[in-house]
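Here's the structure we're looking at; comments come further down.
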Amino acid sequence: QAAAQKLSGGIGSKLCALLSVGEGDKPAESAAKQPPQTTAGDCGCNKSCNCTKAAAVAFSDLYSTDLLPAMDGDTKTMTFLQEVVDILLAYIVESFDRETKVIDFHYPNELLQMNNWELQDEPATLDDILISCRATLKYAIKTAHPRYFNQLSTGLDMVGLAADWLTSTANTNMFTYEVAPVFVLLEYVTLKKMREIIGWSDGRGDGIFSPGGAISNMYAMLLARFKMFPEVKEKGMSSVPRLVAFTSEHSHFSIKKGAAALGIGTESVICIKADESGKLIPADLERRILEAKQKGFVPFFVSATAGTTVYGAFDPLIAISDICRKYNIWMHVDGAWGGSLLMSRRHRWKLDGVERANSVTWNPHKMMSVPLQCSALLVREEDLMHNCNQMHACYLFQQDKHYDLSYDTGDKALQCGRHVDIFKLWLMWRAKGTIGFEAQIDKCLELSEYLYNKIKDREGYEMVFDGKPQHTNVCFWYLPPGIRYMEDKEERKKHLHKVAPVIKARMMEYGTTMVSYQPQGDKVNFFRMVISNPAATFEDIDFLIEEIERLGQDL
């Protein structure tokens, strides 16, 4: 409410009123039920009409069938949607207010009992629908909050949000130029720009936006297999020898998941040793490739990681590329988390050698703060995706259309229906420019270095590995006073394993902040601080440190 009051004009008072409404309450005087007097034609119907918003709309008497496309549903639709927008605006204002909770936590059984989420045979009124919208947001995690540091804490970009609203309004599909002309062209120019940034000559190659980094990685494995054994498309895995893929022991689980989905099998994914900082060791990669070949297996795919999930490590891409070229193996770079550093002149050196890759996964919905979902697979070889995936469905990809058929992209995708993910990224890029994304990324990395410098020598903190963080991942243990001086190392380790989960639970119950934790190998639970929300500040980092100490001092 304090944040809402800062807004000028009627919107401030309206947001204050909305923010004071409980999940089970109905506003006594909503903007829709008592709208300001207007003149004919001012209703926002986008056409000349005789309706006015001066007439009270009782949502308790209306149902979804009263909205468009119902006859004379224009005014009711506009007023209802305005109510929804007001609810969303109130939530946005709350999300950026540090005085509000990050989460209003309730256990699942409590949340089920507190609200009626069950589906009924009879329709609910629009009044009930609005109450459901408010209740849903009341218990939602405020991922835009500057003190939310959990996974995918990318904040909420206003231009990206506007693009998402527009995309949902257009409600089209990405499979053909015929039904999504502008969106298809925007995907074309954006993927070309991303390939140029990777370093491929003139931005040549191919690519597609997929539902997430896991699917993009699976696409890469699919293409690598097809490139080496094109007959697998028709004849299946029985037509090819035993294939093996290689990836770091710190890589994302999606590499094994992709192998399982493609029938290659998780046992055919060989995990390569990483050094203390989480980087793949090239010598071990070459050793394991030679071992596989001696056993009669066929190495076909190496996935290097640019920004590992836990440590944020960047594998040595140049050395890995040399090995892949030596043994004629497809090189993929999983840059889902770290690929966006290519936008930063200060940090892109961490991906030196990425231009040598055959394919790259890059998720703008992570470090670039594009609203979920937005993941791109970039491929160096043109036409390979089409040859691998096309099925020539004549009811969708007719060959006698009156425009350039190369813009019908659906046949190179595994999906048929494909969501419009491109507009969010494209519109944000227009709004920020490349330099805007660069500044945002540099700021997040500066915040992570600030956190590292604050705690590396602070009493009660211990870093999981030595050295500055390579990405925005800062991995550390907090040692409460009760276990700092334990001499029995095993007993100390046993107690330390329980610390992060308890502090995290208390964070959620108080609602003050959120940060993730996990074990890694033989290392017991530690905090994994990931900073990718541009709304965060140095003060928010200070708050997190103090909150960890406050919540864990008695453990």
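The values are calculated or read from the model by the stated rules, or taken from the named source; none is laboratory data. Keep in mind that what you see is a predicted model, and the values were worked out from it rather than measured. Every residue, glycine as well, gets a Cβ built from its backbone with ideal geometry; the counts of neighbours run over all protein chains shown. Surface accessibility is based on the protein's heavy atoms, side chains included, excluding ligands, DNA and RNA. Shrake-Rupley method; radii C 1.70, N 1.55, O 1.52, S 1.80 Å.
If the Cβ limit is 8 Å and pairs must be 6+ apart or interchain, which residue in region 483-504 that is open to solvent by 70 Å² or more (accessible area, probe 1.4 Å) pairs with which residue that is of a type in the set (S, T, N, Q)?
His497/Asn525; Lys498/Asn525
Given (1) open to solvent by 40 Å² or more (accessible area, probe 1.4 Å); (2) closer than 30 Å to Asn525 by Cβ, identify the lone condition not met by Leu341.
Of the numbered conditions (1) open to solvent by 40 Å² or more (accessible area, probe 1.4 Å); (2) closer than 30 Å to Asn525 by Cβ, the odd one out for Leu341 is (1).
In region 304-326, what count of residues is obtained for those that are part of a loop (DSSP other than H, G, I, E, B) and either touching a residue at least 40 places away in the same chain (Cβ under 8 Å) or of a type in the set (A, V, I, L, M) (or both)? Write out each step before concluding.
Of region 304-326, the ones part of a loop (DSSP other than H, G, I, E, B) are 307-313, 315-316.
Add one more test, that the residue is either touching a residue at least 40 places away in the same chain (Cβ under 8 Å) or of a type in the set (A, V, I, L, M) (or both), and what stays is 307-313, 315.
The qualifying residues number 8.
Here are some conditions: (1) in a helix (DSSP H, G or I); (2) closer than 26 Å to Pro108 by Cα. Arg528 meets all but one. Which one does it not meet?
It fails just one condition, (1).
Among all residue pairs at least 6 apart or on different chains, which show Cβ distances below 7 Å where the first residue, located in region 76-96, is touching a residue at least 12 places away in the same chain (Cβ under 8 Å) and the second is of a type in the set (Val, Ile, Thr) and open to solvent by 10 Å² or more (accessible area, probe 1.4 Å)?
Cβ pairs passing all conditions: Lys76/Val57; Thr79/Val57; Glu94/Thr100.
Could you tell me which numbered condition Arg528 fails, if it satisfies all but one of (1) closer than 16 Å to Lys498 by Cβ; (2) buried (at least 22 other Cβ atoms within 10 Å of the Cβ); (3) of a type in the set (D, E, K, R)?
For Arg528, the failing item is (1).
Residues are listed down the side, and each one gets a yes or a no for (1) of a type in the set (A, V, I, L, M, F, W, C); (2) surrounded by 15 or more Cβ atoms within 10 Å (Cβ to Cβ); (3) under 30 Å from Thr169 (Cα atoms); (4) touching a strand residue (DSSP E or B) at 6+ places or on another chain (Cβ under 8 Å):
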{"position": "Ala393", "(1), (2), (3), (4)": "yes, no, yes, no"}
{"position": "Tyr403", "(1), (2), (3), (4)": "no, no, yes, no"}
{"position": "Ala413", "(1), (2), (3), (4)": "yes, yes, yes, yes"}
{"position": "Asp421", "(1), (2), (3), (4)": "no, yes, yes, yes"}
{"position": "Lys432", "(1), (2), (3), (4)": "no, yes, yes, no"}
{"position": "Ile435", "(1), (2), (3), (4)": "yes, no, yes, no"}
{"position": "Glu446", "(1), (2), (3), (4)": "no, no, no, no"}
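Part of a helix (DSSP H, G or I), at pLDDT 95 or above and in contact with a Cys (Cβ under 9 Å, 6 or more places away or on another chain) - does that describe any residue in region 229-243?
Scanning region 229-243, I find at least one residue that is part of a helix (DSSP H, G or I), at pLDDT 95 or above and in contact with a Cys (Cβ under 9 Å, 6 or more places away or on another chain), so the answer is yes.
Just to be sure I understand, how many residues within region 274-291 are loosely packed, with under 13 Cβ neighbours inside 10 Å and under 22 Å from Phe253 (Cβ atoms)?
Total satisfying the criteria: 1.
When you look at Glu122, is it outside the structural domain of Leu451 (by the TED database) and in a loop (DSSP other than H, G, I, E, B), yes or no? If you could, list the steps in order and put the result at the bottom.
Working: outside the structural domain of Leu451 (by the TED database): yes; in a loop (DSSP other than H, G, I, E, B): yes.
Yes; evaluated as a whole, the condition is true for this residue.
Residues checked against (1) in the same structural domain as Thr537 (by the TED database); (2) crowded, with 18+ Cβ neighbours inside 10 Å; (3) under 28 Å from Leu166 (Cα atoms):
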{"position": "Leu88", "(1), (2), (3)": "no, no, yes"}
{"position": "Glu99", "(1), (2), (3)": "no, no, no"}
{"position": "Val102", "(1), (2), (3)": "no, yes, yes"}
{"position": "Thr136", "(1), (2), (3)": "no, no, yes"}
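Go through the residues of region 146-165 one by one and say whether even a single one is touching a Phe, Trp or Tyr at 6+ places or on another chain (Cβ under 6 Å) and either at pLDDT below 95 or open to solvent by 30 Å² or more (accessible area, probe 1.4 Å) (or both). Steps first, answer last, please.
So in region 146-165, the residues touching a Phe, Trp or Tyr at 6+ places or on another chain (Cβ under 6 Å) come out as 163.
Add one more test, that the residue is either at pLDDT below 95 or open to solvent by 30 Å² or more (accessible area, probe 1.4 Å) (or both), and what stays is none.
Scanning region 146-165, I find no residue that is touching a Phe, Trp or Tyr at 6+ places or on another chain (Cβ under 6 Å) and either at pLDDT below 95 or open to solvent by 30 Å² or more (accessible area, probe 1.4 Å) (or both), so the answer is no.
So which pairs qualify, if the first residue must be in region 228-249 and without any contact (Cβ under 8 Å) to a residue 12 or more places away in the chain, the second must be in a loop (DSSP other than H, G, I, E, B) and open to solvent by 50 Å² or more (accessible area, probe 1.4 Å), the Cβ gap must be under 8 Å, and the two must be at least 6 apart or on different chains?
From region 228-249, the pairs are Ser239/Glu231.
From (1) closer than 30 Å to Ala245 by Cβ; (2) touching a Phe, Trp or Tyr at 6+ places or on another chain (Cβ under 6 Å), pick out the condition that doesn't hold for Phe175.
Here Phe175 meets the rest and fails (2).
Do we have Lys468 as at pLDDT 95 or above, charged (D, E, K, R) and either farther than 30 Å from Thr172 by Cβ or open to solvent by 30 Å² or more (accessible area, probe 1.4 Å) (or both) here?
Working: at pLDDT 95 or above: no; charged (D, E, K, R): yes; either farther than 30 Å from Thr172 by Cβ or open to solvent by 30 Å² or more (accessible area, probe 1.4 Å) (or both): yes.
It is false that Lys468 is at pLDDT 95 or above, charged (D, E, K, R) and either farther than 30 Å from Thr172 by Cβ or open to solvent by 30 Å² or more (accessible area, probe 1.4 Å) (or both).
Which of (1) within 26 Å of Asp206 (Cβ to Cβ); (2) open to solvent by less than 20 Å² (accessible area, probe 1.4 Å) is the odd one out, the single condition Gly460 does not satisfy?
It fails just one condition, (1).
Checking Ala304 against (1) within 20 Å of Ser369 (Cα to Cα); (2) out of contact with any Lys or Arg (no Cβ under 7 Å at 6 or more places or on another chain), only one condition comes out false. Which one?
So Ala304 meets the others, but not (1).
Starting from residues that are in a helix (DSSP H, G or I) and more than 20 Å from the chain's Cα centre (by Cα), keep the ones in region 406-429 and report whichever is nearest to Leu156 (Cα to Cα).
Pass one, region 406-429, residues in a helix (DSSP H, G or I): 406-407, 410-412, 422-429.
From what's left, more than 20 Å from the chain's Cα centre (by Cα): 406-407, 410-412.
Values: Ser406: 34, Tyr407: 31, Gly410: 30, Asp411: 33, Lys412: 31 Å.
Step by step, filter region 406-429, then rank; the result is Gly410.
Keeping to region 223-268, report how many residues are of a type outside the set (D, E, K, R), open to solvent by 30 Å² or more (accessible area, probe 1.4 Å) and within 21 Å of Gln294 (Cβ to Cβ).
3
So which of Leu341, Leu285, Leu317, Leu290 ends up being in contact with a His (Cβ under 6 Å, 6 or more places away or on another chain) and among the aliphatic types (A, V, I, L, M)?
Leu341
For region 169-185, give me each residue that is assigned to a loop (DSSP other than H, G, I, E, B), touching a residue at least 24 places away in the same chain (Cβ under 8 Å) and not charged (D, E, K, R).
If we filter region 169-185 for residues that are assigned to a loop (DSSP other than H, G, I, E, B), which is where we start, we get 171-180.
From what's left, touching a residue at least 24 places away in the same chain (Cβ under 8 Å): 172-178, 180.
If the condition is that a residue be assigned to a loop (DSSP other than H, G, I, E, B), touching a residue at least 24 places away in the same chain (Cβ under 8 Å) and not charged (D, E, K, R), then Thr172, Asn173, Met174, Phe175, Thr176, Tyr177, Ala180 are the ones that fit.
Does region 504-519 contain at least one residue that is under 23 Å from the mean Cα position of the chain (by Cα) and of a type in the set (Phe, Trp, Tyr)? Before you say what the answer is, go through the steps one by one.
Filtering region 504-519 down to residues under 23 Å from the mean Cα position of the chain (by Cα) leaves 504, 507-508, 511-519.
From what is left, the residues that are of a type in the set (Phe, Trp, Tyr) are 517.
Looking for residues that are under 23 Å from the mean Cα position of the chain (by Cα) and of a type in the set (Phe, Trp, Tyr), one finds at least one in region 504-519, hence yes.
Does region 292-303 contain any residue that is surrounded by 17 or more Cβ atoms within 10 Å (Cβ to Cβ), among the β-branched types (Val, Ile, Thr), touching a residue at least 12 places away in the same chain (Cβ under 8 Å) and closer than 29 Å to Lys468 by Cα?
Yes: one or more hits.
Given the criteria assigned to a loop (DSSP other than H, G, I, E, B), open to solvent by less than 10 Å² (accessible area, probe 1.4 Å) and touching a residue at least 24 places away in the same chain (Cβ under 8 Å), does Met368 qualify? I'd like the intermediate steps shown before the answer.
Numbers: assigned to a loop (DSSP other than H, G, I, E, B): yes; open to solvent by less than 10 Å² (accessible area, probe 1.4 Å): yes; touching a residue at least 24 places away in the same chain (Cβ under 8 Å): yes.
Yes.
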